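The values are calculated or read from the model by the stated rules, or taken from the named source; none is laboratory data. Being a predicted model, the structure only gives us computed values, none of them experimental. Glycine also receives a Cβ, built like all others from the backbone with ideal geometry; neighbour counts cover every protein chain displayed. The accessibility values were calculated without ligands, DNA or RNA, using every heavy atom of the protein model including side chains. Shrake-Rupley method; radii C 1.70, N 1.55, O 1.52, S 1.80 Å.
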Amino acid sequence: MSISRRSVIASALAASASVGGVLAAQRGAMASEARPLTGAAPAASPPGDVVGKITVGYQGWFACIGDGAPINSWWHWSRNAGQPPSPSNTTIKSWPDMREYSRTYRTAYANTNGGQPATLFSSYDQQTVDTHFRWMRENNIDTAALQRFNPFGGEGPTRDVMAQRVRQSAEANGRKFYIMYDVTGWTNMQSEIKQDWTNKMKAHTASGAYAVQNGKPVVCIWGFGFNDDGRPFAPGPCKDVVDWFKAQGCYVIGGVPTHWRSGNEDSRPGFADVYHAFNMISPWMVGRIGNVSDTDRFFTSVNTPDQADCNAHGIDYQPCVLPGDLQERQRAHGDFMWRQFYNMVRVGAQGIYISMYDEYNEGNQIAKTAETGAEVPSGSGIYALDEDGTGCSSDYYLRLTGDGGRMLKKQIALTANRPTQPRV
């Protein structure tokens with residue numbers, strides 16, 4: 001099992017421009033910043049559960065042997081899921097703050113540097129999901145996109161239960177949720193995704209917590225058009241699936257390649273009609289940017305023309321914002337993430353998608369994370385939130401996301417200066 005089934009293979013994408021092009025883009029970004037904001041672009045849709053809102057990607061894919069999950073393994077914690085995670089058998093890059101989980105599972109890591117057993121949580125436990133959704137409520141995070149990979153294999157029964165777990169927690173905490181299909185590795189996707197929606201997932205739209213936009217239940221399909229072996233689908237079958245969901249009365253979001261508009265680099269050519277069939281476009285950004293300079297370059301060369309294209313086609317724009325890979329030391333104690341919020345609000349985005357909520361595999365999680373080295377396993381080499389010398393509370397990136405949402409909703413003024421303090 002790889003670190004993440006969404007790990008990007010084109011790490012050079014963010015650096016694909018020539019040096020001259022990068023400098024020109026940065027000069028353009030600085031000039032744009034110096035000009036007064038002209039106002040947000042007119043939204044294709046009015047505010048709803050995704051337009052004008054913060055949505056977080058929720059994996060919900062961690063399991064532990066002994067948690068009762070049908071998959072009965074250390075799902076997404078270990079490379080060899082039949083054995084507990086250890087330094088030589090792991091798929092994670094960050095360590096969660098474990099203090100608020102009532103049920104935990106002992107790993108094969110050494111004790112933490114603070115002397116506590118190295119334990120992890122299971123997403124299968126309702127208390128885990130309740131805790132995650134309580135954190136969303138406490139930080140004014142509006143909506144969760146529940147990831148759903150091919151449910152017709154061995155992990156399907158566990159994913160089915162996770163959908164029910166998320167529904168229950170969203171209802172209890174006054175949050176919204178929707179199903180986000182990830183088509184990675186799904187050979188019979190064209191027919192099976194329709195079957196799964198009709199027979200299983202559509203039932204969740206009866207919940208008052210199920211996200212609605214323009215009076216329609218929201219569904220997202222992530223992966224059409226990506227130029228890699230895991231998503232080899234041609235435009236025709238993809239367009240058929242989008243049109244089918246729209247015919248079922250759904251508002252359909254497309255989780256698309258970064259370069260969807262130009263149809264190159266991480267995007268296959270010939271997908272323009274597929275992309276423009278979506279009600280909302282949400283381009284993937286993990287692996288594309290890693291610092292403030294990258295963010296400003298993409299604001300000029302990617303996000304601004306993306307928003308213009310969406311406006312021209314009556315599509316809502318939901319760009320990704322990520323906290324940064326903690327293990328790669330990208331976060332700059334929140335400055336990297338805040339710059340993205342600032343750029344996406346000033347570009348006029350209709351919504352913002354956080355990549356991701358609980359992505360401890362890629363180190364891009366905003367959920368509570370170990371604050372200091374005392375809370376990570378001894379000898380693991382895993383960094384805590386204070387890796388750059390700035391102490392951060394475990395909920396810092398939840399609070400930062402909440403403030404980004406306030407700026408999106410114009411509850412606070414547009415500002416390049418991060419208003420969120422690492423510690424309260």
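Data table
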item: Amide proton proximity set for ALA144, modelled H, under 5 Å, gap of 5+; result: VAL56, LYS176, PHE177, TYR178
item: Size of charge dipole - the range 293-424 - debye, nearest 20, with Cβ of Lys, Arg +1 and Asp, Glu -1, no other charges; result: 600 debye
item: Cβ-placed point charges (K, R +1; D, E -1), dipole of the range 76-153 about Cα centre in debye, nearest 20; result: 240 debye
item: MRE, 222 nm, helices only [DSSP H, n ≥ 4, -39500 (n - 2.57), over the chain, to nearest 500]; result: -9000 deg cm²/dmol
item: Share, in percent, of DSSP beta bridges within the chain that are antiparallel, nearest 5; result: 20 percent
item: Cleavage-rule hits (trypsin sites (Lys or Arg not before Pro)) in the range 184-266: DSSP loop, at most 16 neighbouring Cβ within 10 angstrom; result: LYS200
item: Local electrostatic count at THR131 - Lys and Arg +1, Asp and Glu -1, tallied over other residues with Cβ under 14 Å; result: 0
item: Accessible area (Å², 1.4 Å probe, nearest 10) - TYR383; result: 80 Å²
item: Inter-site label distance for GLU171 and ALA374 at 7 Å from Cα along Cβ, in nm; result: 4.1 nm
item: In sequence order, calculated HN-Hα J values of the range 140-145 (Karplus, 6.51, -1.76, 1.60; Hz; x Gly/Pro); result: 6, 8, 7, 9, 10, 9
item: Rounded accessible area per residue of the range 203-322, 1.4 Å, Å²; result: 30 Å²
item: Cut-off under 5 Å, modelled amide H: who pairs with ASP182 long-range; result: ARG148, PHE149, TRP222
item: Distance between the range 84-98 and the range 344-366 - C-alpha centres, whole angstrom; result: 22 Å
item: Residue-by-residue Karplus 3J(HN,Hα) for the range 286-302, coefficients 6.51, -1.76, 1.60, Hz, glycine and proline x; result: 4, x, 9, 10, x, 7, 4, 4, 4, 4, 5, 5, 5, 4, 6, 8, 10
item: FRET E, pair SER102, ALA247, Förster distance 25 Å, beta-carbon r, rounded to 0.05; result: 0.05
item: Charge dipole magnitude, Cβ of K and R +1, D and E -1 - the chain, Cα centre, debye nearest 20; result: 640 debye
item: Nitroxide proxy distance, nm - points 7 Å out along Cα→Cβ at GLN421 and ALA203; result: 4.9 nm
item: Under 15 Å, Cβ to Cβ, from LYS410 - net charge with Lys/Arg +1 and Asp/Glu -1; result: +2
item: PHE62 long-range amide H proximity, modeled H, under 5 Å; result: SER123
item: Extended-chain gain in nm, criterion 0.36 nm per residue less alpha-carbon gap, THR184 and ASP273; result: 30.0 nm
item: Computed over the chain: relative contact order in percent, which uses C-alpha pairs under 8 Å that are six or more apart; result: 21 percent
item: Burial ranking of peptide ranges 333-339, 226-232 (average Cβ count within 10 Å, highest at the top); result: 333-339, 226-232
item: With all protein chains modelled, accessible area of TYR397 [1.4 Å, Å²]; result: 10 Å²
item: For HIS259, net neighbour charge (Lys/Arg +1, Asp/Glu -1) across residues whose Cβ lies under 11 Å away; result: 0
item: Residues of type lysines that LYS409 reaches as a straight line, Cα spacing below 26 Å, ignoring anything fewer than 8 places off in the same chain; result: LYS53, LYS176, LYS216, LYS368
item: Relative contact order %, the range 81-177, counting alpha carbon pairs below 8 Å whose residues are six or more apart; result: 23 percent
item: Relative contact order (%) - the range 200-294, alpha-carbon pairs under 8 angstrom, separation at least six; result: 26 percent
